[in-house]
Amino acid sequence: LALALRTAIARAVEAAPPGRALEVCTIPSAPSAYRARGYAPVEVLLARCGIRSSKVLALTRGRVDQAGLGAEARRANSAGGLVAVRRLVGRRFLFVDDVLTTGSTLAEAARAIIAAGGSAGAYAVLAETPLRHGGHAAKSPETLRDFA
């Protein structure tokens, strides 16, 4: 999986609009998920790629497991769930997550980064999956157009 993630990151960097260097930012795991696994899967995969993420996001509250939620419920569940841990003026980020379904988690991460003065340059995910309700997965630029 590390090779697949490295490929996704390379493509995201190539496709990113020109600008400042990109820092890698991951979505923090819920404390209960971290306790259950004992590690953060995306961080382990990044380490195997020789990539280190910037720890700039924190969870502001717990949220419901998104499995089984539709797009609107996922957006509501993610809204306000992340915050930047410091001001990020002048910094640009590449968001890395494990699975993209609707884009609500990545959109929330971008919102938090932008609120702290940073900017969202690109994103990379390991897998993209359709919603379990028969919908379609987010197709990058459309759903995540607010990143820029």
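The values are calculated or read from the model by the stated rules, or taken from the named source; none is laboratory data. Note that this is a predicted model, so its numbers are computed, not measured. Heads up, the Cβs are rebuilt from the backbone with ideal geometry, glycines too, and the neighbour counts pull from every protein chain shown. Each accessible area value is taken on the protein alone, full model and side chains, heavy atoms only, with ligands, DNA and RNA left out. Shrake-Rupley method; radii C 1.70, N 1.55, O 1.52, S 1.80 Å.
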TODO: Mind checking the full-extension length gain between residue 21 and residue 115? Use 0.36 nm per residue of separation minus the Cα-Cα distance, one decimal, nm.
DONE: 31.9 nm
Task: Amide H contacts of residue 124 (H built 1.01 Å from N, under 5 Å, at least 5 apart or other chain) - done: 95, 96, 97
TODO: Could I have the simple spin-label model distance between residue 36 and residue 54, label points 7 Å from Cα toward Cβ, reported in nm to one decimal?
DONE: 3.1
TODO: Please compute the net charge surrounding residue 90, taking Lys and Arg as +1 and Asp and Glu as -1 over other residues with Cβ under 13 Å from its Cβ.
DONE: +4
Task: Convex hull volume per residue for region 1-40, taking Cα atoms only, in Å³ - done: 85
TODO: Quantify, in whole percent, the carbon and sulfur part of the accessible surface of region 1-56 (1.4 Å probe; protein heavy atoms only).
DONE: 57
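Provide the gained length on full extension for the span residue 3 to residue 127, in nm with one decimal, where the gain is 0.36 nm per separating residue minus the Cα-Cα distance.
Net length gain for the segment: 43.4 nm.
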Task: Potential lengthening between residue 10 and residue 89 on full extension [0.36 nm per residue; Cα-Cα distance subtracted] - done: 26.0 nm
